[in-house]
1. Place a point 7 Å from the Cα of Ala218 along the Cα-to-Cβ direction; which residues of the range 270-301 have their backbone N under 13 Å from it?
2. For the range 2-298, please report how many Lys pairs fall under 15 Å Cα to Cα, leaving out neighbours fewer than 8 apart on the same chain.
3. Can you tell me which of 103-116, 53-66, 182-195 comes out highest on packing, and rank the rest after it, using the mean Cβ neighbours within 10 Å?
4. With a ≥ b ≥ c taken as the square roots of the eigenvalues of the C-alpha gyration tensor of the range 1-103, please select rounded if a/c is under 1.5 and otherwise prolate if a/b is larger than b/c or oblate if it is not?
5. In Å, what is the Rg of the alpha-carbon atoms in the range 203-267, and how long is Dmax?
6. So what is the 222 nm mean residue ellipticity for the chain from helices alone, if each DSSP H run of at least 4 adds -39500 (n - 2.57) and you divide by all residues, rounding to the nearest 500 deg cm²/dmol?
7. So who's got an amide H within less than 5 Å of the one on Ser26, skipping anything under 5 residues away but keeping other chains? H placed 1.01 Å off N, in plane.
8. On full extension of the chain, what length is gained from Cys199 through Glu17, given 0.36 nm per residue of separation minus the C-alpha to C-alpha distance?
Amino acid sequence: MHNHLHYSHEVRTALAEGLPVVALESTLITHGLPYPANLETALGMERAIRDAGATPATIAILKGQITVGLNVNQLEALATAQNVRKCSRRDLPIAVGLGEDGATTVAGTMIVAHHAGISVFATGGIGGVHRGQPFDVSADLIELGRTPVAVVCSGAKAILDLPLTLEVLETHGVPIIGLGTETLPAFYTRSSGLPIDACVETPEQVARIIKAAQRLDAKHGILITVPVPVEHELQMDAEAAIQQATQEAHDQGIHGKAITPFVLGRVAELTDGQSRTANTALLVNNARTAALIAKALHFPV
Ligand code: PSU
Ligand code: MN
């Protein structure tokens, strides 16, 4: 355990006792979902992890202090705050050095989780390669290539170029495992049709792969993909809504950090809220699944 990190009492105790802990990111709270859905989802993910018998550790930077495990008041403050810095690898020293509030992305959360000794992390979709902009590659992919944390997700953000994202992950040596799926999940829907590296059926099998990577002294992460639950899969054509929203963002000159919130908000409108239902359902399901994997890692049968 690194002492430059601040731990909640609950997380500190769980780590000291060698109990299963699941890391959670905070960018989905500040930049991924609107209030109050963001707070409800964050609390729902924490509850799912506790119900499954593990301890949740939501990670963020509070006034420059890297914090592992947030209480309800801290989650609520983040969920309603404006102008929180979105912290990927390059942003962490800035937020810490300047005493700012920061929300960690997948990359930022992996770095802190690894320092804290947490090896399983749950989220919705990782960053990836942007459509039509093959040099706009999320730092998430590079981090997966160099930090040994298992990331449980439902694929990449729906607005990305999935085939190119898979190519970059392959280059960086990141295994992509499907838990209950033979293809890469497409976030709002269960299958993109794209091939992945292995299909397994149980959290115990995932734990065996993580253990094998640890024995190999692997420096890279592992991507564990879990499809959105069948009953919450988007029924309409997600692709058409995503393309329309992306075109509107382009036409209105929206770019940079503003693109994801704009596109996700428009997709929610265009799908009558169905995309948001799928998004929250997969987040809670991934949290629960990550807890089962963490338990299988800590208490092998
Ligand atoms: N997926 C979503 N919404 C989000 C994100 C992912 O549906 O807001 C966040 C995650 O925190 C992810 C980050 O790590 O976006 C990637 O951002 P970038 O492309 O700037 O690296
Ligand atoms: Mn990006």
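The numbers here are math on the coordinates, done by the rules we state, and not lab data. What you see is a predicted model, and the numbers here were worked out from it, not measured in a lab. In this analysis, Cβ positions are derived from the backbone assuming ideal geometry, glycine residues included, and neighbour counts consider all displayed protein chains.
1. No residue qualifies, since no backbone N sits under 13 Å from the label point.
2. Working: Lys63/Lys86; Lys86/Lys257; Lys157/Lys257; Lys211/Lys219; Lys211/Lys295.
Close lysine pairs found across the range 2-298: 5.
3. 103-116, 53-66, 182-195
4. oblate
5. Gyration radius and largest Cα-Cα distance of the range 203-267: 18.7, 51 Å.
6. Estimated from H runs of four or more residues: -13000 deg cm²/dmol.
7. Ile59, Thr104
8. Taking Cys199 through Glu17 to full extension adds about 62.3 nm, to one decimal.
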